[in-house]
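Since the structure comes first, as structure tokens, the remarks are kept for the end.
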Amino acid sequence: MEILKNSSDLRAGILLKEDVYSKTKYPIMRKDTELTLEHIEVLRVFGIKKVLVEERVTKKEDESLASTMSTQELMNDLPMSMYVLRKQYNETVRDYKKEFFYWRAGQKPDIVKVRAFTLPLIENFVKQKKMLALLNEFSNPDEYIYHHSVAVGILSAAISKQMGYEKGDMLQLAIAATLADCGMSKISPSILEKTAFLTREEYSEVKKHTLFSLKMVQESPLLRQEMKIAILQHHERLDGSGYPRGDKLGAVSLFSQIIAVADVYHAMTSERLYRPKHSPFKVIEMIKEEEFGKFDLKVVEALQKLVGDLSIGTRVKLTDGELGEVMFLHRDAPLRPMIKKEADGSIIDLTTHRHLAIAKIIE
């Protein structure tokens, strides 16, 4: 007997009696598919309210599975909800914090373990690029150092993929970036937990963390040598103004520049105990303009495409709280478009209103 049934009332074993669409050219599930718990979850995520079903269990399991996409393929293509991704992120940060205390006690990083709890999260973020712009909102200023390491791993992976690196390089760099600050575990907790700007002596102590990080991973065969160099150099700058050695231009690896840009971007977009956060758009602009000559522009452009890509019609929130729509993009200043305000319909050109910037994209 065929009936129209609420999705919330479905159970495993029921047969679909018509193709199911969800604003898609092809059906997400086909007629005569035998529903499993995974299928029912997919229907829920896609917002399908009712489906035509036959209230009996089919014996043609192989045929029903062949009639639709595999459940795993379908689940892989679903956008992960903010709640689920944030939960996974918080669990990863907790795991990283636990390892950090082991390092502080004298243990060396267990890279197999770090890979196991970080890569699933990193791969989810890389697949869902729109979530990257929200990383700074996930961060907690009281435990910033742990959040920062996880976020820099995520951003470095995404940037390297955007630049066309193969998956093996991307995953190696993701782990190197996550471990780039493991040497902070050797810095005095009183310095790391300070709620004001550091003195010159304290900052000199913090700058040693790149050397400590390298020493901690140096003997591991699980990281390639160029990734270890990237860890050492992630605070070097192309103009020679970085540390620990003041390397410049050709002496600074591109892998280290990817970690460097990810590091600076997340630090400046996250709330800290001693200063507020900046908007992602403002930070990319600052990296390109105020920090010009310090970072490889190919890396900065890749980051901009990931977290600051705008198009005509994009709805945005400005740093003064106003909502608006992108009306025109300047070729030479794409981060400062002309915005039509929702409140009164007036047009504001962000190239001439430098006190304002885009705070975030509104979906």
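Scanning region 289-306 for residues that are closer than 13 Å to Val264 by Cβ and touching a helix residue (DSSP H, G or I) at 6+ places or on another chain (Cβ under 6 Å) yields Phe295, Asp296, Val299, Val300, Leu303. Scanning region 118-146 for residues that are modelled with pLDDT under 95 and of a type in the set (Ser, Thr, Tyr) yields Ser139, Tyr144. Filtering Val316, Val300 for residues that are in contact with a Gly (Cβ under 8 Å, 6 or more places away or on another chain), surrounded by 14 or more Cβ atoms within 10 Å (Cβ to Cβ), over 19 Å from Ser139 (Cα atoms) and of a type outside the set (Phe, Trp, Tyr) leaves a single hit, Val316.
Please indicate, with yes or no, whether at least one residue in region 147-164 is open to solvent by 60 Å² or more (accessible area, probe 1.4 Å), assigned to a helix (DSSP H, G or I) and at pLDDT 95 or above. Scanning region 147-164, I find at least one residue that is open to solvent by 60 Å² or more (accessible area, probe 1.4 Å), assigned to a helix (DSSP H, G or I) and at pLDDT 95 or above, so the answer is yes. Reported count of residues in region 319-333, each being of a type outside the set (D, E, K, R) and crowded, with 17+ Cβ neighbours inside 10 Å, is 2. Checking each residue in region 133-146 for being part of a helix (DSSP H, G or I) and crowded, with 21+ Cβ neighbours inside 10 Å picks out Leu135, Asn136, Tyr146.
Of the numbered criteria (1) open to solvent by 10 Å² or more (accessible area, probe 1.4 Å); (2) within 27 Å of Leu273 (Cα to Cα); (3) modelled with pLDDT of 95 or more; (4) touching a helix residue (DSSP H, G or I) at 6+ places or on another chain (Cβ under 8 Å), the one Arg115 fails is (2). Sort out which residues of region 341-363 are touching a residue at least 60 places away in the same chain (Cβ under 8 Å) and farther than 14 Å from Glu285 by Cβ, and write them in order of number. Residues satisfying the conditions are Lys360, Ile361, Glu363.
For first residues located in region 316-329 and within 15 Å of Lys282 (Cα to Cα), partners that are assigned to a strand (DSSP E or B) and open to solvent by 70 Å² or more (accessible area, probe 1.4 Å) and lie 6+ apart or on another chain with Cβ distances below 6 Å form the pairs Lys317/Lys360. Checking Glu201, Glu236 one by one, the residue that is open to solvent by less than 70 Å² (accessible area, probe 1.4 Å), at pLDDT 95 or above and acidic (Asp, Glu) is Glu236 and no other. For Ile312, the conditions (1) under 30 Å from Ala196 (Cα atoms); (2) at pLDDT below 90; (3) of a type in the set (Val, Ile, Thr) all hold with the exception of (1).
When Asn90 is tested against the conditions (1) modelled with pLDDT of 85 or more; (2) open to solvent by 60 Å² or more (accessible area, probe 1.4 Å), the lone failure is (2).
Conditions (1) assigned to a helix (DSSP H, G or I); (2) at pLDDT 80 or above; (3) among the aromatic types (Phe, Trp, Tyr), marked per residue:
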{"site": "Tyr26", "(1), (2), (3)": "no, no, yes"}
{"site": "Lys31", "(1), (2), (3)": "no, yes, no"}
{"site": "Glu38", "(1), (2), (3)": "yes, no, no"}
{"site": "Glu41", "(1), (2), (3)": "yes, no, no"}
{"site": "Arg44", "(1), (2), (3)": "yes, no, no"}
{"site": "Ile48", "(1), (2), (3)": "no, yes, no"}
{"site": "Leu52", "(1), (2), (3)": "no, yes, no"}
{"site": "Thr58", "(1), (2), (3)": "no, no, no"}
{"site": "Ser64", "(1), (2), (3)": "yes, no, no"}
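The values are calculated or read from the model by the stated rules, or taken from the named source; none is laboratory data. If you're wondering where the values come from, they're calculated on a predicted model, not measured in any experiment. Cβ atoms come from the backbone with ideal geometry, glycine included; neighbour counts cover every protein chain shown. Surface areas here come from the heavy atoms of the whole protein model, side chains and all, with no ligands, DNA or RNA. Shrake-Rupley method; radii C 1.70, N 1.55, O 1.52, S 1.80 Å.
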